[in-house]
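A short write-up of the structure that comes next.
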Amino acid sequence: MIHTMKSYRQFIFNSLLILSLVLLANCTNFQSDPAPEGLMTDLLKKPEEAVITNPEPRFSWIVNGESDATMQTAYQILVASDKQTIEENEGDVWDSGKVSSEKSVAIPFRGKKLDEHTSYWWKVRTWDQDGQTSAYSGAEQFNTGDFQKADRSWPGQSRWVTMEEDGEERHVLEDRQRANYHEITPENVTRNSEGNHFIRFEKAAFGTLKLNLDPQRADSVVVHLGEKSTGCNGVDRSPGGSIVYEKHVLELEKGQTEYKLELPRKRPDYPESVVMPDHMPEVTSFRYVEIEGYEGSINKEQINQLALLYPFDGEASYFHSSDSNLNQIWEMCKHTLKITPFLSKYIDGNRERMGYEADAYLQQISHYSVDREYAVQRYTTKYLIFNPSWPVEWHQHIPLMAWADYMQTANKALLEEYYDEIKHKAMLPLAREDGLLSTPYTREGDVDEEFLETIHYDGSSFRDITDWPQGTPANESEHRSGHGGITLEGETDRFVFSDVSTVVNAFHYRNLVLISEIAEVLDKEEDARWFEERAKKVKASFNEKLFNQDRGLYTDGEDVKHTSLHANMFPAAFGLVPDEHQTRILDFLIAKGMACGPYGAKYLFD
């Protein structure tokens, strides 16, 4: 009996020891990295507020870890048909299993065939270099739409669609996020010397006004909206230039009533202007409000800027320096990227409401710098391929935009789908025997209609621009740009326009280089070699025919004597300048200063 009890005690002790070792080992295995964050479906940060027309959507996430040294070595994606299933860590639509890969961007769906007009949920977990498993991420919903994409005005067009949720209908966009209205309280409300209420908001935004007023009688008030104040608690009603000022009459009812200022629909007279959809209130850009004729009092709680804002993560970027002016510039630039995509693509926001490729490119690369945002950039690129503006160099920005998308996303989808369209922007039919492009610089420029069809331009003003706004060089009236008459004003440094433009051909060279890179990414080796050789040919002709050996500088064009900032900064930015001439050109650019517009400044900094 004693022997048996001793054996039993030894058995219990050994069992507990083994169990402790097992639990210890398991506890070590259960120690997990933090869950992945920042889930995106087809580049959308909020796919639940959109519908996706891709039957094989792509999933992306941010790898998380205990330190910056954490590296993903594998992942597992789950896709489920309902929220309860995904919360139980089951993927009844797709369970990728453990996939050995460092990739966390644009992983294509490989599960059961997805149904149209259906909601799904997905999550992901990862393994690090030490074999540690992360927790599963939170679940993200995505909605499918029409996979066939029929009845589109142009390939890749995104349309508004209506979804029903909790018995209510809501409008969402295909394959892109929509902007939403946000109520913003003013900084202060004061009365000016004329007895008018003056309302100051912290920043300008595209929006309208929401007011809650309690007039003693039915009446009307005049509402002044503007981007510029008088400095004396008033809205500047003659601000000049393209600074926004608008005057509206608001009819009031007696008693406390909530109002939304209904702005008239903007329908700019430009060929590719975008009009606000009927289900969204019209907006304009303003920071200041002056209400004329209201007898009662107004406090901050009674008025809001109803700002239309694209989804934006204000914590995604940060900058601070000892220079307060520099800090303000940073905040202004960052805010600009928050408010300008209010129609879910980059367009001129208030005046023309149409897209311009060069403007959009600057917004694209700037947006990458302040937020983890890729969808609006990609959609704008597609849009501008088929809805281009008029300047030659603006068309030449499409390869730059497509390449920037790939460099930021590591996703070849845009390059694959629109490769032929990107190639057309090289404008090879306009090339001479020596490889240089000959393009029109006046309204009378004779360009083959079949060529214009390949770049989807059907307007009447296809010509060079160089920079904006344009002026005309002294004694060079025959080189008018077609804008603003014969003046010295402008931001082109008195650039002389000619058929063989140094600026246009600098862009042409850059296009050839990038298309060669794009072809290599797409495993089109023959194209890659051809464009690479073509770029070498253009570079040789460029330096032979557009470079003035005596001055050590590039002229504005073939057989042109004038030498501008633009004719030298673009070759320098795009790698056309031979080593022996770089110091001379750099000194010239420094001496010139910022003799360009905001658009040209990007290339001057490059």
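The values are calculated or read from the model by the stated rules, or taken from the named source; none is laboratory data. This is a predicted model, so every value here is computed, not measured. With ideal geometry, Cβ positions are generated from the backbone for all residues, glycine too; neighbour counts draw on all protein chains shown. These accessible areas exclude ligands, DNA and RNA; they are computed on the full protein's heavy atoms, side chains included. Shrake-Rupley method; radii C 1.70, N 1.55, O 1.52, S 1.80 Å.
The length gained by stretching the chain between ARG267 and MET332 to full extension, at 0.36 nm per residue less their Cα-Cα distance, is 20.6 nm. A straight chain from GLU87 to SER32 at 0.36 nm per residue would run longer than the Cα-Cα distance by 18.0 nm. Between the helical axis of 582-592 and the longest alpha-carbon principal axis of the chain there is an angle of about 70 degrees. Taking θ as phi - 60° and the Karplus parameters 6.51, -1.76 and 1.60, the scalar couplings of the stretch 143-156 work out to 10, 8, x, 7, 7, 6, 6, 7, 6, 9, 5, 7, x, x Hz in sequence order, x denoting glycine and proline. Which of ALA139, ALA35, PRO47 sits farthest toward the positive end of the charge dipole of the chain, with +1 on the Cβ of Lys and Arg and -1 on the Cβ of Asp and Glu? It is ALA35. Of the chymotrypsin sites (Phe, Trp or Tyr not before Pro) in the stretch 106-213, the ones in a loop by DSSP (not H, G, I, E or B) with at most 16 other beta carbons within 10 Å are PHE147. A crude spin-label estimate for the pair ILE62 and GLU417, with each label 7 Å from Cα along the Cβ direction, gives 2.6 nm.
Magnitude of the charge dipole for the stretch 191-269, about its Cα centre and with charges confined to Cβ atoms of Lys, Arg (+1) and Asp, Glu (-1), is about 140 debye.
Can you find, among THR190, PHE206, VAL221, the residue farthest towards the positive end of the dipole of the stretch 179-293? Put +1 on the C-beta of Lys and Arg, -1 on that of Asp and Glu. Comparing the listed Cα positions along the dipole, THR190 ranks first.
Compute the separation of the alpha-carbon centres of the stretch 508-559 and the stretch 193-224 and state it in Å as a whole number. Value for the Cα centre distance between the two parts: 57 Å. Round to the nearest 10 and give me the degree value, 0 to 90, for the angle of helix 525-545's Cα axis relative to the longest principal axis of the chain. So the helix axis and the longest Cα principal axis differ by about 30 degrees. Across the stretch 167-176, rounded Karplus estimates of 3J(HN,Hα) from the backbone phi angles (6.51 cos²θ - 1.76 cosθ + 1.60, θ = phi - 60°) give x, 10, 8, 9, 9, 9, 9, 7, 6, 7 Hz, Gly and Pro being marked x.
Of the labelled figures [x] 90, 82, 42; [y] 80, 63, 55; [z] 121, 78, 55, only one reflects Cα extents along the principal axes in Å as derived from the coordinates, namely [z].
What size of dipole, in debye to the nearest 20, comes out for the stretch 66-153 about its Cα centre when the only charges are +1 on Lys and Arg C-beta atoms and -1 on Asp and Glu C-beta atoms? Dipole about the Cα centre, nearest 20: 360 debye.
Applying the criteria of a DSSP loop state and at most 11 other Cβ atoms within 10 Å to the chymotrypsin sites (Phe, Trp or Tyr not before Pro) of the stretch 317-348 yields TYR318. Mean residue ellipticity at 222 nm, helices only, the chain: -9000 deg cm²/dmol; runs of at least 4 DSSP H residues each add -39,500 (n - 2.57), and the sum is divided by the number of residues.
Any chance you could run the full-extension gain for MET280 through GLU187? It's 0.36 nm times the residue separation minus the Cα-Cα distance, nm to one decimal.
30.9 nm
With all protein chains kept in place, the per residue accessible area of the chain amounts to 49 square angstrom at a probe of 1.4 angstrom. Between the Cα long axis of helix 324-339 and the first principal axis of the chain there is an angle of about 80°, rounded to the nearest 10. May I ask you to give the percent of accessible area on the chain that is carbon plus sulfur, with a probe radius of 1.4 Å? C and S fraction of accessible area: 47 percent.
About its Cα centre, the dipole of the chain is roughly 1120 debye, where the only charges are +1 on Lys and Arg Cβ and -1 on Asp and Glu Cβ. Is the stretch 378-470 rounded, prolate or oblate when judged by the Cα gyration tensor, a ≥ b ≥ c being the square roots of its eigenvalues, rounded requiring a/c under 1.5 and prolate requiring a/b larger than b/c? Prolate, since a/c reaches 1.5 and a/b exceeds b/c. DSSP finds beta bridges in the chain, and of those with both partners inside it, around 95 percent are antiparallel.
If R0 equals 41 Å, the separation of the Cβ atoms of GLN129 and THR162 corresponds to a calculated FRET efficiency of about 0.30. Dipole of the chain computed with +1 at Lys/Arg Cβ and -1 at Asp/Glu Cβ about the Cα centre; of PHE451, TYR294, ALA519, farthest Cα towards the positive end is TYR294.
In this label model, ARG529 and SER438 are separated by 3.1 nm, measuring between points 7 Å along each Cα→Cβ vector.
Loop sites here are trypsin sites (Lys or Arg not before Pro) outside DSSP states H, G, I, E and B with no more than 10 other Cβ atoms within 10 Å. The longest part of the chain free of them is 266-560.
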